[in-house]
Amino acid sequence: MPELHISISAQPIFSIGGFEVTNSMLATMVVTIFLIGLAISGKRYFHLKNKPRWVNFLQTIVESFYEFVAGISPQHAQKFFPLVATIFLFVLLGSWIGLLPGADSIGLTTVHGFVPFLRGATADINTTLALAIFAVVSVQFYGYKHRGVKYFGKFLDFSSPINFFVGVLELISEFSRVISFAFRLFGNIFAGEVLLAVIAFLIPVVASLPFFGLEIFVGFIQALVFATLTLVFINIAVSEHH
Amino acid sequence: MEIRWYQLLFQVVNFGVLIFLLNRFLYRPILKVIELRNKKIEDSIKTAEETFKEKEKIAVLKQQALSEAEKEAVQILEAAKQLADKAGKRIISTAQSEAEQAVDKKLALLADTLAQEEKRLRGRIGDLVVTTTRQVLKTSLTNQEQKRIVDQQIKELRKLS
């Protein structure tokens, strides 16, 4: 009976100058190159009336997401859109890449055992933590950009002991956002991959198909949740306190 | 599950590069297209509104022109009626006077003709009387009878005149 292969960490495939390149980093690069390639190839068609279907599809996705962002933050939609849309697209494809046929089965055997070439990019805590840090730092950046030094006043308020305590809570809440962002995404996507691996191990044919559908949906929802929460936090940061 | 700092750094840098490149090659061109489309729609709406206003203005002007034209038409009709009345009266009076003149002329001509005929008939009758008288006198009339006939003829002539 074959072994069930589950690894909570991303596994190294090769190393460059002492730095190990993991399968989730490889997946990240594949997603990045795919998105950039799509953008560069589509750029010349966007302004045309007759364009290929895939360009229409891409444009529809981007436009729909822009409408979504504009619905939440009408005044700053153009400023926040690149960050929020990139989070959405990256998390979406980073989660879906782990569902590709062969993602868990094509790889190489190393001293650590079998290592698949691709692993869901967001099924690695390093990726989700990096995204969470990027998102929360962006929130602080936009808060400072729109409100100046006054923005940091909510963390350091010496007007009264209660306000000081509230400021400390605000500071803690910013850090907790990083943790909640990172672990929510990692937990959902990793759990999905484990579920698929277990189902495929128990019943190799057909049984895992409904779960694939479920994981596609989970990937979409998680991408939307990550992007929407980032947008909402930025929106709160740039709006004046009352 | 372990957190490796270089992996974190790689992911952060990778994500930063991704945002930059997608913004340059994907979002900006599409947002530009959206902006152009929105501007086009706004312009079209503005043009449509202006056209609608112009249409309303034209409708008001048309209404005004129509009511003025109606008034003018009524005035022209009134004036034409008055003119027609005057002309009709004038024509009728002229025709009447012309007819009267023609009747007068015809009557005068008739009277003249009658007078001439009367004159001609008188002359003829006189001749006939004389001729008849001569013949009667020639045959069997005595002097007394002749005188009586002459007197009778004279009486007759007096009656005719």
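The figures follow:
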item	result
Count - residues of the stretch A:129-165 that are touching a residue at least 60 places away in the same chain (Cβ under 8 Å), within 14 Å of chain B (Cβ to nearest Cβ) and not aliphatic (A, V, I, L, M)	2
Every residue from the stretch A:68-121 that is part of a loop (DSSP other than H, G, I, E, B) and of a type in the set (S, T, Y)	A:S73, A:S105
Selection from the stretch A:6-37 of residues that are facing chain B (nearest Cβ under 8 Å), in contact with a strand residue (DSSP E or B) (Cβ under 7 Å, 6 or more places away or on another chain) and in a loop (DSSP other than H, G, I, E, B)	A:A10
Residue in the stretch B:25-39 that is nearest to A:M25 (Cα to Cα), counting only those that are facing another protein chain (nearest Cβ under 7 Å) and among the aliphatic types (A, V, I, L, M)	B:L26
Residue match in the stretch A:224-236 (condition: assigned to a loop (DSSP other than H, G, I, E, B), surrounded by fewer than 19 Cβ atoms within 10 Å (Cβ to Cβ), modelled with pLDDT under 95 and β-branched (V, I, T))	no
Options A:V206, A:V168: the member that is over 26 Å from B:I19 (Cα atoms) and in a loop (DSSP other than H, G, I, E, B)	A:V206
Among the candidates B:E54, B:E100, B:E42, residue that is more than 14 Å from chain A (Cβ to nearest Cβ), assigned to a helix (DSSP H, G or I) and under 28 Å from A:A77 (Cα atoms)	B:E42
Filtered residues of the stretch A:43-67 (kept if without any contact (Cβ under 8 Å) to a residue 12 or more places away in the chain, in a helix (DSSP H, G or I) and of a type in the set (S, T, N, Q))	A:N56, A:T60, A:S64
Of all residues in the stretch A:43-66 being facing chain B (nearest Cβ under 9 Å) and within 16 Å of A:T228 (Cα to Cα), the one that is surrounded by the most Cβ atoms within 10 Å (Cβ to Cβ)	A:V62
Enumeration of residues in the stretch B:3-24 that are among the charged types (D, E, K, R), facing chain A (nearest Cβ under 7 Å) and more than 16 Å from A:A132 (Cα to Cα)	none
Every pair of residues 6+ apart whose Cβ atoms lie under 7 Å, when the first sits in the stretch B:10-36 and is within 26 Å of A:E20 (Cβ to Cβ) while the second is in a helix (DSSP H, G or I) and among the hydroxyl-bearing types (S, T, Y)	B:Q11/A:T28; B:Q11/A:T127; B:N14/A:T28; B:N14/A:T32; B:L18/A:T32; B:L18/A:T86; B:I19/A:T86
Set A:I40, A:I72: member being within 11 Å of chain B (Cβ to nearest Cβ) and farther than 20 Å from A:F190 by Cβ	A:I40
Residue, modelled with the highest pLDDT, within the stretch A:67-107, restricted to residues that are closer than 30 Å to A:A197 by Cβ and surrounded by fewer than 16 Cβ atoms within 10 Å (Cβ to Cβ)	A:L100
In the stretch B:18-35, the residues that are among the β-branched types (V, I, T) and closer than 10 Å to A:T86 by Cβ	B:I19
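The values are calculated or read from the model by the stated rules, or taken from the named source; none is laboratory data. Remember, predicted model here, so these are calculated numbers, not experimental data. As a convention, Cβ positions derive from the backbone with ideal geometry for all residues, glycine included, and neighbour counts pool all protein chains shown.
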